[in-house]
1. Hey, fewest Cβ within 10 Å first, where do Ile30, Ile52, Ile8 land in order?
2. Within the chain, which is the longest segment containing none of the chymotrypsin sites (Phe, Trp or Tyr not before Pro) that sit in a DSSP loop and have at most 16 other Cβ atoms within 10 Å?
3. Which one of Val32, Asn19, Phe45 has its Cα pushed farthest toward the positive end of the charge dipole of segment 17-67, where Lys and Arg give +1 and Asp and Glu give -1 at the Cβ?
4. What would the Debye equation give as log₁₀ I(q)/I(0) for segment 2-68 at q = 0.21 Å⁻¹, counting only Cα atoms as equal point scatterers?
Amino acid sequence: MQTQVLTIVQPLEILKPFNVEDVRKAMFSIDVYKNLGPDGYGSGFYRETWDIAGCDFAEAVLEFFQNG
């Protein structure tokens with residue numbers, strides 16, 4: 001059995017901080033028909049309102065990952 005080994009670049013990619021575009025890509029990769037989140041909203045809501053509230057949403061996600 002052969003195991004895969006990370007390249008030199010891959011661990012560095014894992015350590016890079018997230019940004020707003022990373023949050024947007026993650027949100028838009030979620031199926032709109034998945035279960036609602038604890039706030040009662042699904043990814044479809046956030047996709048539809050991204051132009052209005054996406055920056056605020058992304059900043060909240062980034063704040064969570066930076067400060068807990």
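Coordinate-derived values only; no laboratory data. Since the model is a prediction, treat every value here as computed from it, not as a measurement. Heads up, the Cβs are rebuilt from the backbone with ideal geometry, glycines too, and the neighbour counts pull from every protein chain shown.
1. Ranked by crowding around the Cβ, least crowded first: Ile8, Ile52, Ile30.
2. Here the longest run is 42-68.
3. Among Val32, Asn19, Phe45, the one farthest towards the positive end of the dipole of segment 17-67 is Val32.
4. Log10 of I(q)/I(0), two decimals: -0.92.
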